[in-house]
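Colleague: What follows is a single structure, and I will ask about it in a moment.
Coordinate-derived values only; no laboratory data. Computed from a predicted model, the values in this text were never measured in an experiment. Cβ coordinates were reconstructed from backbone atoms using ideal geometry, including for glycine residues, and neighbour counts include every protein chain displayed.
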Amino acid sequence: EPEVTQTPSHQVTQMGQEVILRCVPISNHLYFYWYRQILGQKVEFLVSFYNNEISEKSEIFDDQFSVERPDGSNFTLKIRSTKLEDSAMYFCASSDSRRAGRNEQFFGPGTRLTVL
Amino acid sequence: ELKVEQNPLFLSMQEGKNYTIYCNYSTTSDRLYWYRQDPGKSLESLFVLLSNGAVKQEGRLMASLDTKARLSTLHITAAVHDLSATYFCAVDGVYGNKLVFGAGTILRVKS
């Protein structure tokens, strides 16, 4: 069964460093998303991406964040200068279409980011 | 701003008992999703509810949607230990793109 994959599973970095989180969405999906979950809290939307551009972003997704689809399979989230409060689990998700109003999103296993 | 509220936030129940988790949301939407999350793991899609009155069942779990009341329920029948997890409901955002999640309900089933 197709699934969303993410690498690395755990990333430890120093404050102020850049990190890139990688995702491979399900191959025929067109919509891609990043969410984050701070330990013990709810899942928060960061950004959605369609047709090679951002379609929506949250207040969390400031100038320190960027997304890219560098090739036909990968979808990346970059944090330019990490802060302590960026420590969280980051989930990538994808969905195939909004046909008939369905927006079922399939989530990857997550990358746990720890900023020291 | 769309708000999604779940209750209870923590539920400890005995095996074999029934219980219901509630999910209220603040704006008009006819699309609601339930996810399960095991500790340290990702979100697994359980149910997709796409219209008023939708009811879906899978094993001991049944989900329903009342769009007029802006309420979804996740009913657990004869709970077993394997159902222990955190359950999230999520609603399509105002522009129908992002998902807005509730805080989650931590379910612990005790034998």
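Colleague: List, in the order given, every pair from A:LYS42/B:LYS98; A:LYS78/B:LYS41; B:LYS17/B:LYS98 whose Cα-Cα distance in the structure shown is over 25 Å.
Modeller: Among A:LYS42/B:LYS98; A:LYS78/B:LYS41; B:LYS17/B:LYS98, the Cα-Cα distance tops 25 Å for B:LYS17/B:LYS98.
Colleague: Could you run the Karplus curve 6.51 cos²θ - 1.76 cosθ + 1.60 with θ = phi - 60° over region B:31-37 and give me ³J(HN,Hα) per residue in whole Hz, x for Gly and Pro?
Modeller: Running phi through 6.51 cos²θ - 1.76 cosθ + 1.60 with θ = phi - 60° gives 9, 9, 10, 10, 10, 10, 10 Hz.
Colleague: Show me the chymotrypsin sites (Phe, Trp or Tyr not before Pro) within region B:56-111 that DSSP assigns to loop and that have at most 13 other Cβ atoms within 10 Å of their Cβ.
Modeller: B:TYR95
Colleague: Where does each of B:LYS3, B:LYS68, A:LYS57, B:LYS41 land when they are ranked from fewest to most other beta-carbon atoms within 10 angstrom?
Modeller: B:LYS68, B:LYS3, B:LYS41, A:LYS57
Colleague: Starting with the fewest neighbours, write out B:VAL80, A:VAL19, B:VAL91, A:VAL43 ranked by other beta-carbon atoms found within 10 Å of each beta-carbon.
Modeller: Exposure proxy ranking, most exposed first: B:VAL80, A:VAL19, A:VAL43, B:VAL91.
Colleague: At 4 °C and 1.567 mPa s, what whole-number value in µm²/s does Stokes-Einstein give for the translational diffusion of region A:1-61, with Rh from the Kirkwood sum over Cα pairs? It would help to have the intermediate numbers written out before the result.
Modeller: On the way: Rh = 13.5 Å.
My calculation gives 96 µm²/s for D.
Colleague: Per 10 Å bin, what is the whole-percent P(r) computed from every C-alpha pair distance within chain A?
Modeller: Cα pair-distance distribution for chain A, in percent: 14, 49, 30, 6, 0.
Colleague: Using the crude model of +1 on Lys and Arg Cβ and -1 on Asp and Glu Cβ, and no other charge, please compute the dipole size for the protein assembly as shown relative to its Cα centre, in debye to 20.
Modeller: Dipole size: approximately 460 debye.
Colleague: Over all distinct Cα pairs, what is the inverse of the mean 1/r for chain B, reported as the Kirkwood hydrodynamic radius in Å? Intermediate results must be reported in sequence, preceding the final value.
Modeller: Values: mean 1/r = 0.0719 Å⁻¹.
About 13.9 Å for chain B.
Colleague: Among DSSP beta bridges whose residues both lie in region B:4-110, state the antiparallel percentage, nearest 5.
Modeller: 90 percent
Colleague: What full-extension length gain, to one decimal in nm, is calculated for B:ASP38 and B:LEU71 as 0.36 nm per residue of separation minus the Cα-Cα distance? Can you show the working numbers first?
Modeller: Numbers: separation 33, 0.36 × 33 = 11.88 nm, distance 2.42 nm.
Stretched out fully, the B:ASP38 to B:LEU71 stretch lengthens by 9.5 nm.
Colleague: Now for a different question. What is the protein assembly as shown by shape, rounded, prolate or oblate, if you read a ≥ b ≥ c off the alpha carbon gyration tensor as root eigenvalues and call it rounded for a/c under 1.5, prolate for a/b larger than b/c, and oblate otherwise?
Modeller: Verdict is prolate for the protein assembly as shown.
Colleague: Determine ³J(HN,Hα), in whole Hz, for all residues of region A:103-112 in sequence, where each value follows from phi through the Karplus function 6.51 cos²θ - 1.76 cosθ + 1.60 and θ = phi - 60°; x replaces Gly and Pro.
Modeller: Residue by residue, region A:103-112 yields 10, 5, 9, 9, 9, x, x, x, 10, 8 Hz.
Colleague: Ok, one more. Of B:TYR35, B:MET62, B:PHE101, which is farthest along the charge dipole of the protein assembly as shown in the positive direction, counting Lys and Arg as +1 and Asp and Glu as -1 at C-beta?
Modeller: Positive-most Cα among the choices belongs to B:MET62.
Colleague: I've got another one for you. Compute the relative contact order of region B:4-110 as a whole-number percentage, counting only Cα pairs closer than 8 Å that sit 6 or more residues apart in sequence. Write down the numbers at each step before the final one.
Modeller: Values: 267 pairs, mean separation 39.2, N = 107.
Relative contact order of region B:4-110: 37 percent.
Colleague: Stretched out fully, how many nm does the piece from B:LYS3 to B:SER111 gain, at 0.36 nm a residue minus the Cα gap?
Modeller: So the chain would gain 35.4 nm between B:LYS3 and B:SER111.
Colleague: Name the residues whose placed amide hydrogens come within less than 5 Å of the amide hydrogen of B:SER26, ignoring near sequence neighbours (fewer than 5 apart) on the same chain.
Modeller: Under 5 Å from the amide H of B:SER26: B:LYS3.
Colleague: Among A:THR13, B:THR28, rank each residue by its count of other Cβ atoms within 10 Å, from fewest to most, as a rough exposure measure. Walk me through the intermediate numbers first.
Modeller: Working: A:THR13 16, B:THR28 10.
So the ranking, lowest neighbour count to highest, is B:THR28, A:THR13.
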